[in-house]
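Reviewing the structure listed below.
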Amino acid sequence: MKAKKIPQVPEQIKGAFHDTESRKDFIMPEFASWRFDILKNRFFSINHWKDYCGSLSSEFKLYDASGSYVERKPKKGDFIRIDIPGPGDVRAKGYDWVEIVMIDDQAYNDEIERHIMICRPSKEPGSESDRIAHFYSAGSSSTFVISRGPDYIKVGIYGRNEVPNTTKTGILGKIRNFLVSLGGFARLTKIQWKSLADGLLEF
């Protein structure tokens, strides 16, 4: 199976990938527009994502470039702190970090409205070190997309080029990142992303 070709989603070149999607269809276009307004609010409320994907899921918190926690809409250059179930990055106080590298609202095909956010594994914000604090390497990406068509709304989460991070992690870090990225955890991650995609559309 090959990774889907999605506008603006990074091309799959190496490593693992996933395409996780959830969709709701409506008889009346007005309902799609109304529900999409709710979905947009949820999508941009990163600090509350856990509320939609269950108590056993990862926790997401939004930080600015200086490393300060913020309660607002995300923007390019912000960071997301991820507290995954199980062992975190020891050198980053047990957390994994990604940077928001792109946010855009260009629509494609039959879409009336669309919002996309691309994240990549990153260092801990505010740290002088350039060490990637994540179990995947810097070339990996997670892309979050919400869209509205004439009679539907959709959530897509796309992982690309998921390769274990083995740079500047130390022996324990390398072992941890390798184990975390194994098939079993990859399936668990897929389940969590599916829970988030479904949860964002649960009204």
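The values are calculated or read from the model by the stated rules, or taken from the named source; none is laboratory data. Here the structure is a predicted model, which is why all the values come from computation and not from measurement. In this analysis, Cβ positions are derived from the backbone assuming ideal geometry, glycine residues included, and neighbour counts consider all displayed protein chains. Heavy atoms of the whole protein, side chains included, go into the accessibility calculation; ligands, DNA and RNA do not. Shrake-Rupley method; radii C 1.70, N 1.55, O 1.52, S 1.80 Å.
Condition test on GLY156, is it modelled with pLDDT of 95 or more and either under 19 Å from ARG120 (Cα atoms) or open to solvent by 30 Å² or more (accessible area, probe 1.4 Å) (or both)? In short, yes. If I filter the range 131-143 for residues that are open to solvent by 20 Å² or more (accessible area, probe 1.4 Å), in contact with a strand residue (DSSP E or B) (Cβ under 6 Å, 6 or more places away or on another chain), over 20 Å from SER22 (Cβ atoms) and modelled with pLDDT of 90 or more, do I get at least one hit? Taking every residue of the range 131-143 in turn, at least one turns out to be open to solvent by 20 Å² or more (accessible area, probe 1.4 Å), in contact with a strand residue (DSSP E or B) (Cβ under 6 Å, 6 or more places away or on another chain), over 20 Å from SER22 (Cβ atoms) and modelled with pLDDT of 90 or more. Reported count of residues in the range 47-84, each being in contact with a Pro (Cβ under 7 Å, 6 or more places away or on another chain), modelled with pLDDT under 90 and surrounded by fewer than 14 Cβ atoms within 10 Å (Cβ to Cβ), is 1.
Does GLN8 qualify as being within 18 Å of the chain's Cα centre (by Cα) and surrounded by 16 or more Cβ atoms within 10 Å (Cβ to Cβ)? So GLN8 does not fit the description; no.
Here LYS168 passes the criteria (1) touching a strand residue (DSSP E or B) at 6+ places or on another chain (Cβ under 6 Å); (2) part of a loop (DSSP other than H, G, I, E, B); (3) modelled with pLDDT under 80 except the one numbered (1). Could you tell me whether the range 23-36 includes any residue that is over 17 Å from the mean Cα position of the chain (by Cα), closer than 24 Å to LYS75 by Cβ and not in a loop (DSSP other than H, G, I, E, B)? There is at least one residue in the range 23-36 that is over 17 Å from the mean Cα position of the chain (by Cα), closer than 24 Å to LYS75 by Cβ and not in a loop (DSSP other than H, G, I, E, B). A count restricted to the range 11-46 and to residues that are open to solvent by 90 Å² or more (accessible area, probe 1.4 Å), over 23 Å from ILE80 (Cβ atoms) and not aliphatic (A, V, I, L, M) stands at 6. MET117 falls short on exactly one of the conditions (1) at pLDDT 90 or above; (2) within 27 Å of PHE26 (Cα to Cα); (3) open to solvent by 60 Å² or more (accessible area, probe 1.4 Å), and that condition is (3). Contact map, the range 105-130: residues that are among the aromatic types (Phe, Trp, Tyr) paired with residues that are crowded, with 19+ Cβ neighbours inside 10 Å, Cβ distance under 7 Å, separation 6+ or inter-chain. Pairs shown: TYR108/ARG114.
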